[in-house]
Amino acid sequence: MDVIRVSGGARLAGEVSVVGAKNSALKLMAAALLAPGPSVITNVPRITDIAVMAEVLRRLGCEVTAAGDEVGVRVPERPGAEADYDLVRQLRASICVLGPLLARRGYARVAHPGGDAIGSRGLDMHVGGLARMGAEISGEHGFVIASAPDGLRGATIWLDFPSVGATENLLMAAVLARGATEIDNAAREPEIVDLCRMLTAMGARISGAGTSRLEVEGVDQLTPVRHTAVGDRIVAGTWAFGAAMTRGDVTVTGVDPAYIEIALDKLISAGALVETGPQTLRVHMDERPRAVDVVTLPYPGFATDLLPMAIGLASVSEGSSLITENIFDGRFMFVNEMLRLGAQIQTDGHHAVVRGRERLSSAPVRATDIRAGAGLVMAALCTDGVTEISHVHHLDRGYPGFVEDLQRLGADAGRASVPDAPEPTL
């Protein structure tokens, strides 16, 4: 088992570059299924989630290659139609092959997804939207089975919640459906806009990208493309909060600051100096942060993926903060680990009251998901000793070269393998 050991007291300073967003690159890889032939996606992070998605596509008959930050996907004329549980359980994003497979093959059998344990995330909106487009949906032995032997047809779909996953699946199904599809209350995230750009380059007819209403005019076929993934706003936000928490000075390149405008505004309210430019941002903090309240909302609101970093900031701020989580009911699971670091946090439903301390105390903690792991590392930088974070395979799913970036920014951090604990015996 690998762990990350972090010595507290370091001030993050310097420049760090972020690559493409995992939440975009994964869906772009799935979108390649819509066109037979070779598509290439660049600016792809080298993380385990990308490797899992590559294997999902290989088992569907695709040839997948990776070199540097490029991933090539060569799609056969007739891809497979089944995504197995042993892979899908590792990566919730793999459910996004459902829409493309149904559009291309008229049939798909995809296992119910796994991924991070951050609360219930059902497939009702995915299934309901595809049904309105003429698909017959059933469940059997842990699989979602969708069939549309006569092809999908355009429909008007209203999403009860602006779900990113449902928007992506329905969008990718609609581009090859007969007629026009309208998706109302659609997600507006930059990753959705990025997907629309790639699909449009492939020949899709889409309007409304970046708004809550997507209009799609179905086409008969799409062609493969070369596309560059948008920069990862969550990784950028992680470094921005780390700079504020450690009273540091960090410049982040490779992402549009507008994608995390509200998060940066919170850092300004906390006392940080924030400077932005094209594909770059700088966060500089000299004093102890001031407490600020945070409410997570769908984009363009404060991103739920940055909530662990917001709680970390509140834990070392002057005063008390109210943190409200409106997206995932299990996002506060990692609070118990923060309590081990001495944070003063009380939770009640989807609210957390955090009373800041001058410094946290080191302790062994466990990453419960990708973003919780990053938040714990940032909190460990604010402790009085050495903190060991275990289960860091979660971090490998979202942060390429994370420890190396920490070291370049001045942190005393390292990764090590430790033996698994022996099984208890009588």
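Can you tell me which of Gly301, Gly342, Gly330, Gly319 is in the same structural domain as Leu376 (by TED's automatic domain parsing), small (Gly, Ala, Ser) and modelled with pLDDT under 95? Can you show your working first?
Working: Gly301 fails: modelled with pLDDT under 95; Gly342 fails: modelled with pLDDT under 95; Gly319 fails: modelled with pLDDT under 95.
The unique qualifying residue is Gly330.
Condition check: surrounded by 17 or more Cβ atoms within 10 Å (Cβ to Cβ), touching a Cys at 6+ places or on another chain (Cβ under 6 Å) and within 19 Å of Asn169 (Cα to Cα). Does Ala35 satisfy that?
Numbers: surrounded by 17 or more Cβ atoms within 10 Å (Cβ to Cβ): yes; touching a Cys at 6+ places or on another chain (Cβ under 6 Å): no; within 19 Å of Asn169 (Cα to Cα): yes.
When the stated conditions are applied, Ala35 does not pass them.
Would you confirm whether or not region 94-115 contains a residue that is among the basic types (Lys, Arg) and either under 26 Å from Gly398 (Cα atoms) or crowded, with 22+ Cβ neighbours inside 10 Å (or both)? Yes: one or more hits. Based on what the data block shows, is Glu15 of a type in the set (Asp, Glu) and either modelled with pLDDT of 95 or more or assigned to a strand (DSSP E or B) (or both)? Answer is yes for this residue. Would region 145-162 turn up any residue that is under 16 Å from the mean Cα position of the chain (by Cα) and either at pLDDT 90 or above or over 24 Å from Thr211 (Cα atoms) (or both)? Within region 145-162, one or more residues are under 16 Å from the mean Cα position of the chain (by Cα) and either at pLDDT 90 or above or over 24 Å from Thr211 (Cα atoms) (or both).
Does Thr276 meet the test of being without any contact (Cβ under 8 Å) to a residue 24 or more places away in the chain and either touching a strand residue (DSSP E or B) at 6+ places or on another chain (Cβ under 8 Å) or assigned by TED's automatic domain parsing to the domain that holds Glu318 (or both)? Judged against the criteria, Thr276 is a match.
Looking at this structure, is Glu261 free of Cβ contacts under 8 Å to residues at least 60 places away in the same chain and either buried (at least 17 other Cβ atoms within 10 Å of the Cβ) or over 30 Å from Ser315 (Cβ atoms) (or both)?
Values: free of Cβ contacts under 8 Å to residues at least 60 places away in the same chain: yes; either buried (at least 17 other Cβ atoms within 10 Å of the Cβ) or over 30 Å from Ser315 (Cβ atoms) (or both): no.
Answer is no for this residue.
Here Ala10, Ala83, Ala67 are screened, and the one residue that is outside the structural domain of Ser362 (by TED's automatic domain parsing), of a type in the set (Gly, Ala, Ser) and touching a strand residue (DSSP E or B) at 6+ places or on another chain (Cβ under 8 Å) is Ala83. Residues in region 163-184 that are assigned to a loop (DSSP other than H, G, I, E, B) and crowded, with 19+ Cβ neighbours inside 10 Å were compared, and the one that is modelled with the lowest pLDDT is Ser163.
Within region 100-117, can one find any residue that is touching an Asp or Glu at 6+ places or on another chain (Cβ under 7 Å) and either closer than 26 Å to Ala209 by Cβ or in the same structural domain as Leu297 (by TED's automatic domain parsing) (or both)? No: zero hits.
Looking across region 63-86, just one residue is of a type in the set (A, V, I, L, M, F, W, C), touching a residue at least 24 places away in the same chain (Cβ under 8 Å) and either part of a loop (DSSP other than H, G, I, E, B) or surrounded by fewer than 19 Cβ atoms within 10 Å (Cβ to Cβ) (or both), and that is Ala81. Listed conditions (1) under 22 Å from Gln346 (Cβ atoms); (2) in contact with a His (Cβ under 6 Å, 6 or more places away or on another chain); (3) among the hydrophobic types (A, V, I, L, M, F, W, C) are all met by Phe302, apart from (2).
The values are calculated or read from the model by the stated rules, or taken from the named source; none is laboratory data. Source: prediction; values computed, not measured. When we count neighbours, we look across all protein chains shown, and the Cβ atoms used for this are built from the backbone with ideal geometry, even at glycine.
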